[in-house]
């Protein structure tokens, strides 16, 4: 059983990730890899253990009945708390002196956390889009140069619509993404209060 999860808690977590156990297992492994990377990138001393602790806490919250709409965003919030606890914990569990020991001014740290939360939500929302829509939004907003008009005309021709219809479709997708990101950030704030 991964980390400190009981088989019951692990089962609840898998059920929350996907009704199909195979897909749920794949999502679990993706989520765990992402969390390990989160802790590695921040210089945490035991990334695997911290990822398991994060997933254990999330599973407990699911077991307590907390409704989590965006599990990736919620895991990110819990991972940040686990990281803070780790860095404030006993010296034997702290990372070697390095970037994690250099405290940034509070406003810079808050701004960086807000940007990171926004990127986590945007990434999750983009992944939730159908592949065709995701490809369209990337292609449509990819080019900011003077060649943008031509690249958008070419994209419209490939998709089989006129430039105006393409612009409307891209705007609708962008609106959906903005709503999704706003909801995700709201879920993160709610999960912080419930944690």
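The values are calculated or read from the model by the stated rules, or taken from the named source; none is laboratory data. Remember, predicted model here, so these are calculated numbers, not experimental data. Don't worry about glycine lacking a Cβ; one is built from the backbone with ideal geometry, like all the others, and counts go over all protein chains shown.
The table that follows gives values for the structure above.
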{"quantity": "Residue list for segment 132-167, filter: within 30 Å of the chain's Cα centre (by Cα) and exposed (fewer than 12 other Cβ atoms within 10 Å of the Cβ)", "calculated": "132, 138, 144, 145"}
{"quantity": "Residue satisfying all of: in segment 131-187; at pLDDT 90 or above and not in a helix (DSSP H, G or I); farthest from residue 71 (Cα to Cα) among these", "calculated": "162"}
{"quantity": "Which numbered condition residue 46 fails, given (1) over 24 Å from residue 125 (Cα atoms); (2) buried (at least 19 other Cβ atoms within 10 Å of the Cβ)", "calculated": "(2)"}
{"quantity": "Residue in segment 64-78 that is in a helix (DSSP H, G or I), out of contact with any helix residue (DSSP H, G or I) (no Cβ under 6 Å at 6 or more places or on another chain) and at pLDDT below 85 present", "calculated": "yes"}
{"quantity": "Residue 66 over 19 Å from residue 121 (Cα atoms) and free of Cβ contacts under 8 Å to residues at least 12 places away in the same chain", "calculated": "no"}
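Quick grid of which residues meet (1) surrounded by 13 or more Cβ atoms within 10 Å (Cβ to Cβ); (2) modelled with pLDDT of 85 or more; (3) under 29 Å from residue 182 (Cβ atoms); (4) more than 24 Å from the chain's Cα centre (by Cα):
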{"position": "81", "(1), (2), (3), (4)": "yes, yes, yes, no"}
{"position": "90", "(1), (2), (3), (4)": "no, no, no, yes"}
{"position": "100", "(1), (2), (3), (4)": "yes, no, no, no"}
{"position": "112", "(1), (2), (3), (4)": "no, no, yes, no"}
